[in-house]
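Asker: Handing you this structure, nothing more for now.
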Amino acid sequence: MEPQEMETKQINMQPSVAVVILNWNGKALLERFLPSVMATEYPNLQIILGDNASTDDSIAYVKSNFPAVSIVKNDQNYGYAGGYNHVLSSIVADYFVLLNSDVEVPVNWIQPVINLMQSDEKIVVAQPKIKWQQQKNQFEYAGAAGGFLDLHGYPFCRGRIFDSVENDNNQYDTNIDIFWASGAAFFIKSKAWAAVNGLDADLFAHMEEIDLCWRLKNLGYRIVCCTDTEVYHLGGGTLNANNPYKTYLNFRNNLVIMQKNLPSDDMYFRIFVRIWFDFAAWLQYLLKGKFQFSMAISKAHFHFFRDINRNARKRNKLQIPYLNHTGVFKYSIVYAFFIDKIRSFNQLRW
């Protein structure tokens, strides 16, 4: 067999992977991070830029400097969720990788994750270990070594609880089942994406990946973290943590995904309790004089109740709620953090 034939056979034996970077006016980030993505070593790979109607010259920059990158243009800014839904509807691959534009990757970051996902058909979503691009010995806020959820719907990570982010001392170097994978570097089997109709575009941005993972877990699938590889996320590339709109999205979307995915027998009680937790946060912002953030929480609650009937219709009647409990902390992460003063994931008592 000729070397070229052998190479073609090797490519055909590997699952096809589409790395899709969603962009909106992100030329500076593309200049900084796209070269590392282009250096990726994987034999059956396509790299795609999905553009949310950018008004800068980021598309021209990519066309000029990276002609191998395919470009899919949206007619408007659909946000993270809607943007990816539109772009991925035109892409054919065995695996989709939703990669933020502010992520630096090593050359062999894809293969270990694909190997793990190929080992079990029930594994449909995965993430690599995610570390901070500016300090690479530290986990990154949005994902770390895998996402979890507590009794009241609060997300946290193996390596990050609220704003307490751990250094990576190899303490979490095990491939485990998690509750949600980070949207910063989100691997998903395309069949699973199609089975649940992708992301919920109404969420716009923030927690849409948690909702997607939750819906898949309610159907009995597995979500995993592959720590055999890592990527480096800058973070805050779209909405800064000090942006009240981000606060609004986080509080609104958290309630929405609880309504959509919790078992019906205790959904209303869990949401009722969660709203009181939100009220405590609202009061804290008020007392600190951060009135824009208090208003953001009030607006989030108003819109949640306004849309409660529409979101109720999104509950999947075929789902088996909590069929897969892995990744659920059955206590309050708020209590553990603020009362018990726990600052690292491995201190939690499960």
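Asker: From the residues F304, N65, A93, which one has its Cα farthest along the dipole of the chain in the positive direction, the dipole being from +1 and -1 charges on Cβ of Lys/Arg and Asp/Glu about the Cα centre?
Answerer: Value computed over the given set: F304.
Asker: Could you pull out the longest piece of the chain with no exposed loop GluC sites (Glu not before Pro) in it, calling a site exposed if DSSP puts it outside H, G, I, E, B and it has at most 16 other Cβ atoms within 10 Å?
Answerer: With GluC sites (Glu not before Pro) excluded where exposed in loops, the chain gives 122-350 as its longest stretch.
Asker: Still on this model: So between W276 and K341, what do we pick up on full extension, going 0.36 nm a residue minus the alpha carbon distance?
Answerer: 21.3 nm
Asker: Any chance you could run the full-extension gain for K136 through N167? It's 0.36 nm times the residue separation minus the Cα-Cα distance, nm to one decimal.
Answerer: Extra length from K136 to N167 when fully extended: 10.3 nm.
Asker: Moving to a separate point now. Which log10 I(q)/I(0) values, to two decimals, does the range 244-319 give at q = 0.16 Å⁻¹ under the Debye formula with one point per Cα?
Answerer: -0.58
Asker: Just how large is the dipole of the range 244-319 about the Cα centre, in debye to the nearest 20, putting +1 at every Lys and Arg Cβ and -1 at every Asp and Glu Cβ?
Answerer: Using Cβ point charges on Lys, Arg, Asp and Glu, the range 244-319 gives about 300 debye.
Asker: Kindly flag which residue pairs out of K191/K330; K191/K260; K217/K341 have an alpha-carbon separation exceeding 24 Å in this structure.
Answerer: Going by Cα-Cα distance, K191/K330; K217/K341 fall outside the 24 Å limit.
Asker: Only bridges whose two residues both fall in the range 19-233 count here: according to DSSP, what percent of them are antiparallel, nearest 5?
Answerer: In the range 19-233, DSSP labels about 50 percent of beta bridges as antiparallel.
Asker: Let me ask something additional. What is the distance, in nm, between label points placed 7 Å from the Cα along the Cα-to-Cβ direction at I176 and at S119?
Answerer: Taking the two extended label points, one gets 1.5 nm.
Asker: Multiply the residue separation of N309 and M295 by 0.36 nm, subtract the distance between their alpha-carbon atoms, and state the gained length in nm to one decimal.
Answerer: 2.7 nm
Asker: If you don't mind, there's one more thing I want to ask. Find out how many positive minus negative residues lie around D340, taking Lys and Arg as positive, Asp and Glu as negative, among other residues whose Cβ is under 14 Å from that of D340.
Answerer: Result for the local shell: +2.
Asker: Please give me the summed charge of the neighbours of H152: other residues whose Cβ is under 9 Å from its Cβ, Lys and Arg +1, Asp and Glu -1.
Answerer: +1
Asker: OK, next. Could you please report the charge total around A18, scoring K, R as +1 and D, E as -1 over all other residues with beta-carbon less than 14 angstrom from its beta-carbon?
Answerer: +1
Asker: Distances over 33 Å make up what percent of all Cα-Cα pairs in the chain?
Answerer: So the portion of pairs separated by more than 33 Å is 26 percent.
Values in this text are rule-based calculations from the coordinates and carry no lab data. For clarity, every value in this text was computed on a predicted model and none was experimentally measured. Every residue, glycine as well, gets a Cβ built from its backbone with ideal geometry; the counts of neighbours run over all protein chains shown.
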